[in-house]
Every structure is written in C-alpha cells, then in structure tokens.
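Reviewing the structure listed below.
The values are calculated or read from the model by the stated rules, or taken from the named source; none is laboratory data. Predicted model, so just to flag it, every value in this text is computed and none were measured. All Cβ positions, even for glycine, are placed from backbone atoms using ideal geometry, and neighbour counts span all protein chains on display.
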Amino acid sequence: FDIEQASNISVNRDGKNYLVQDGKISHKGVELSYNGKLAKKWNAMIGLAYMDAKYKNMGAAAAYKNGQRESGQGKWSASAAIEYKADENFSAIARATYTGSTPFYTVNYNSSTVTASSKHLNAPAYTVVDLGVTYNTKINKVPVKLSAMCYNLFNKDYWVVARGDQVYLSTPRTFFLSAEFKL
C-alpha cells in the first residue's frame, strides 16, 4: 500500500488552540496474512505488517517533523494464533501479538501540544499472549455459547502509544467471560 493523508497540527491563535491541516503523512508498506487448517482439529492464523509512516511537506509550524516517523505508528507488527477445535462444542485458542517500537513526541506539561522543543522518543517493542476457550451447550433447550478469555496472560508491563502522542501503561492481565444466548 502507498497512502498519503493530511496531517493535523495544533496551532495556538489568540490564546486558543486550533487543529489545522499542515503537510502530509505518507504511509507505505506491506501486509501479509495466512489463515488455514494445519490438521483435522487444528487451525492457524499468522499476519505480518511493515509500515513506513513519515511526516512530509510540513509547514514552518511543524517543519521539525519532516522525515520523522508518525507518532503512534510502529514499523512492524505481527500476530499468530493457533486454534484447537476438539469438536463442534469445544475449542481453545492461543494468540501472540507483537507491536514494534513506536515513536511519539513529548508534550509540554499541562498541554497536549507538540512543539519544536518536544523530544522524539520511542516506546519499546512488546509481545502479548492471550488464551481462551469456548464451549457450546444448552440451558433449558436454549443454545448458549460460553466463552472465557485471558488477555495479557503473562501480565506483561509495556507502554502503549495511542491517539498520536499519548502514552499509556499496558492493561494488566484481564479475564473476560461471556455467554451468548441464541433465542
């Protein structure tokens, strides 16, 4: 893929912040995936993506970004999953998701504005493993699909860059239970 989109920057005018379009962000890359049956009861899914996302043609207010990687967009990401389907009623899945080193800019205290004095940093790469099961049954003759999932199985701590230059601590190990009734 080769996509260009407008870049939005925050500009302070008369004491108020405004979002204005300035320059472009170029996204170039490739994404590959495979989904298939490994054996009678085993399915596999794998995906790999490379994206070079850079700022370009930025005006004077954000010229310091020209040639820099876009905030919140790592170069590499990948995922792999394997599913065991014992029968029509029970299945289990294990999944690993990799997110490459992700750039972001520091912002001024009490502001979300990136300036020429902001530092361009990178959040380190991380891999997270999830594990889940599903079971189909009936409750009073009503078909029910019960699901349990554990996200971030190994309770890994990592930094997530989202919404441009906002950095968050990872979500801890999380358990998710659901019941889907087919009425």
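Of the residues examined, residue 92 is one that is touching a Phe, Trp or Tyr at 6+ places or on another chain (Cβ under 7 Å), surrounded by 12 or more Cβ atoms within 10 Å (Cβ to Cβ), within 27 Å of residue 32 (Cβ to Cβ) and of a type outside the set (S, T, N, Q).
Just one of 168, 158 is surrounded by fewer than 14 Cβ atoms within 10 Å (Cβ to Cβ) and not β-branched (Val, Ile, Thr); which is it?
Of the residues listed, the single one that is surrounded by fewer than 14 Cβ atoms within 10 Å (Cβ to Cβ) and not β-branched (Val, Ile, Thr) is 168.
Of all residues assigned to region 19-38, none qualifies as being among the aromatic types (Phe, Trp, Tyr), within 26 Å of residue 66 (Cβ to Cβ) and modelled with pLDDT of 95 or more. For region 1-44, a residue qualifies if it is among the basic types (Lys, Arg) and out of contact with any strand residue (DSSP E or B) (no Cβ under 6 Å at 6 or more places or on another chain), and the qualifying residues are 13, 16, 40. Those strands (runs of 3 or more DSSP E) of region 79-161 in which 1 or more residues are under 30 Å from residue 63 (Cβ atoms) occupy 90-99, 102-105, 120-123. Taking into account only those residues within region 53-73 that are surrounded by fewer than 20 Cβ atoms within 10 Å (Cβ to Cβ) and more than 14 Å from residue 11 (Cβ to Cβ), which is modelled with the lowest pLDDT? So the residue we want is 64.
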